[in-house]
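J.: The structure under discussion is supplied below as structure tokens; questions concerning it will follow.
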Amino acid sequence: MASIHVESASELLEAQAHVWNYSFNYINCMSVKCAIQLGIPEIIHKHGQPMTLSQIVSALGVNPNKAHGIHRLMRVLVHTGFFSQPKVSKIDHQEDKYFLTPSSRLLLKDAPFTAAPFVFFELDPLMINSFQSLSAWFKNDDSTAFETTNGKKPWDCVANEPKFKKTFYDAMVSDSQLVARALIEDHKELFKGLKSLVDVGGGTGTIAETIAKAFPEIHCSVFDLPHVVDNLQGTLNLAFHGGDMFKAIPSADVVLLKWILHNWGDEESLKILKRCREAIPSKEMGGKVIIIELVMGMEDQSEGSIETQLCFDMVMMCTCNTGKERSVEEWKKLFLEAGFTHYKISPILGLRSLIELYP
């Protein structure tokens, strides 16, 4: 008869601490959202130098009875790396000062590559409340937990709810601005010798416009649903075309897919990749597909990166029906089934990878 393991009191307390830690994790992200809404990064940035707690409280204009809470909020944000607080000598009786970090500078609302819109999108009630219905969704017939919670699909909310639509597009544009900068500054070789590029699902054209300005010799196109691009104006080397990527994609030397395939299951993604292959010339003629997506299970990833990717996959499950993040093997299977002969995965875009796919 197998023996039954009985945890010691110390083991139970350690397990309790683990449970508590994850039960309270939502407070970290809500604290970041609160800091953005209060404008704390802006206040320190505009001050031009680190600020003391009393200076921050004064600039915020918070209710005097609640000023003590700013210290507690900042303590969490320092611990999570959004602000730094180098200790000063107590001999001088000076207050500790709060410094911006790279993460808090990325939360500045007017920064060129602000991540604040992404925070607001992922923490929008329509998004986070979906996880309240996750257990119910596993037992019902709804396509997503988002639909179980909100009674409609995410894209219906984007189309019909102006506030959510703005939150979504602001997040996508801000991310595309940062990715475009990384491509132009650090990976210019991707565009060497190209004559044409089409950004499939490129929305309002943030990435394509950046590429078109940096490389005037490349004719860039944005291909998206007609209602997305109908009223958008192009330039000499930037055009907008409406259509259905499942039916046909405009011809170009390079097809760019940024954050498109993770919205779809394998069957739909296979159709998109086959249309991409039809749209480009041979490898010898410079044809390829550039994909920007998460690739799970890459070597040398930090624990934090792995956890974020796993959470991102859960977001896709809750919002996009068949959408998912994929491993190297899952990507390889898709590429080969779509008729491509060679691919290269480079984990060089933060949590995401740059994938070059050749016919």
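J.: Restricting attention to the stretch 237-257, which residues are in a loop (DSSP other than H, G, I, E, B) and over 16 Å from Gly193 (Cβ atoms)?
T.: Gly243, Asp244, Met245, Phe246, Lys247, Ala248, Ile249, Pro250, Ser251
J.: Further question on the same structure: Would you please list the contacts, defined by Cβ atoms under 6 Å and residues six or more apart or on different chains, that run from a residue in the stretch 323-335 that is at negative phi and in contact (Cβ under 8 Å) with a residue 60 or more places away in the chain to a residue that is small (Gly, Ala, Ser) and assigned to a helix (DSSP H, G or I)?
T.: These pairs meet every condition: Leu334/Ser269.
J.: Just wondering, is there one or more residues in the stretch 97-107 that are at pLDDT 95 or above, in contact with a Leu (Cβ under 6 Å, 6 or more places away or on another chain), not charged (D, E, K, R) and not assigned by TED's automatic domain parsing to the domain that holds Val179?
T.: Taking every residue of the stretch 97-107 in turn, none turns out to be at pLDDT 95 or above, in contact with a Leu (Cβ under 6 Å, 6 or more places away or on another chain), not charged (D, E, K, R) and not assigned by TED's automatic domain parsing to the domain that holds Val179.
J.: Looking at this structure, is Asp170 among the charged types (D, E, K, R), closer than 20 Å to Met316 by Cα and either in the same structural domain as Ile56 (by TED's automatic domain parsing) or in a helix (DSSP H, G or I) (or both)?
T.: yes
J.: Glu147 - would you say it is without any contact (Cβ under 8 Å) to a residue 60 or more places away in the chain, more than 19 Å from the chain's Cα centre (by Cα) and surrounded by 17 or more Cβ atoms within 10 Å (Cβ to Cβ)?
T.: Considered against the rule, which asks whether it is without any contact (Cβ under 8 Å) to a residue 60 or more places away in the chain, more than 19 Å from the chain's Cα centre (by Cα) and surrounded by 17 or more Cβ atoms within 10 Å (Cβ to Cβ), Glu147 comes out as yes.
J.: Still on this structure, please answer the following. Could you name every one of the helices (runs of 4 or more DSSP H) located completely within the stretch 1-117 that has at least 2 residues being over 26 Å from Gly350 (Cα atoms)? Write out each step before concluding.
T.: Working: elements: 9-23, 25-38, 40-47, 53-60, 68-79, 102-105.
By residue number, 9-23, 40-47, 53-60, 68-79.
J.: Right, here's the next one. Looking only at the stretch 310-354, count how many residues are over 16 Å from Asn263 (Cβ atoms) and not small (Gly, Ala, Ser).
T.: 20
J.: Among (1) in a loop (DSSP other than H, G, I, E, B); (2) surrounded by 20 or more Cβ atoms within 10 Å (Cβ to Cβ); (3) among the β-branched types (Val, Ile, Thr), where does Thr322 come up short?
T.: Single failed check for Thr322: (2).
J.: Restrict the check to the stretch 86-99 and report whether at least one residue is crowded, with 16+ Cβ neighbours inside 10 Å, farther than 26 Å from Val229 by Cα and among the basic types (Lys, Arg).
T.: yes
J.: Every residue in the stretch 211-229 that is surrounded by 19 or more Cβ atoms within 10 Å (Cβ to Cβ) and over 13 Å from Ser196 (Cβ atoms), please.
T.: Those that are surrounded by 19 or more Cβ atoms within 10 Å (Cβ to Cβ) and over 13 Å from Ser196 (Cβ atoms): Asp224, Val229.
The values are calculated or read from the model by the stated rules, or taken from the named source; none is laboratory data. Worth saying up front: this structure is predicted, and the values here are computed from it rather than measured. Positions of Cβ are backbone-derived with ideal geometry, glycine not excepted, and every protein chain shown enters the neighbour counts.
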